[in-house]
Amino acid sequence: MLKTCRPKTVKTQLCYARKYASVLEDRSSSILAHLIQLPPQTRLTVMKAVTALSKYLGCYEQWKTICKQYNLKWTTGNESIAAMQRFFNPSLTLDSVVSKVKEMIRVLPSNMSDVIRFACLGGLRPGEVCESVRLLCIPSKDVPEQYYNPEQQCLEHFRFSQYNRRTKKAYISYLSTDNYQWITKIQGKTRYLERNSNGMHA
């Protein structure tokens, strides 16, 4: 479960897993009471860590029962408010977003601006965009030729473990043949992706 996480995330989850592991053994322990009283965002992070631990130990069903019994929610409670604030923010229009993107492309070095352009085409998360560019532009024996399907004109992300997220998975991205040929030609500009590829699995 932690294979696709960033090193910093793995370190954080391991730390919380050690600290709160006892909730899987003793539901009446003070550590569980402490977990319930944590700030929403911290509690959510701890719950992710304990979930990973419970799956590793083979007691995930027990952990789900604990979450249900003590009404542990997988939200911070502020999602609806944040959504409404974004919805009614007059500055967040399509034109303003497009303007920001164009400005980024104009001021960034070409190796970065090309990645930004590619991100706009595919609609992937930032980490997934970098991983996709790395797979397309950096030769590797681990990358199957069928990553890009020319008949369907799409990138088949589902063939790679780094895209196997728990939710909101990216299975494919449609990409025209012209755009595919363009993105594969920026190989010489993407050395920084190769150097940092270990940290791209967002």
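Okay, here's what the table says:
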quantity	calculated
Pairs where the first residue, in segment 69-96, is assigned to a helix (DSSP H, G or I) and the second is at pLDDT below 80, C-beta under 7 Å, 6+ apart	Arg86/Leu92
Residue check, Leu193 crowded, with 18+ Cβ neighbours inside 10 Å, at pLDDT below 85 and either aliphatic (A, V, I, L, M) or in a helix (DSSP H, G or I) (or both)	yes
Which listed residue, of Leu14, Leu53, Leu44, is assigned to a helix (DSSP H, G or I), surrounded by 14 or more Cβ atoms within 10 Å (Cβ to Cβ), out of contact with any helix residue (DSSP H, G or I) (no Cβ under 8 Å at 6 or more places or on another chain) and modelled with pLDDT of 85 or more	Leu44
Qualifying residue in segment 103-115 (condition: modelled with pLDDT of 90 or more and at positive phi)	no
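The values are calculated or read from the model by the stated rules, or taken from the named source; none is laboratory data. Just so it is clear, the model here is predicted, and its values are computed rather than measured. Note that we place each Cβ from the backbone using ideal geometry, even for glycine, and neighbour counts take in every protein chain shown.
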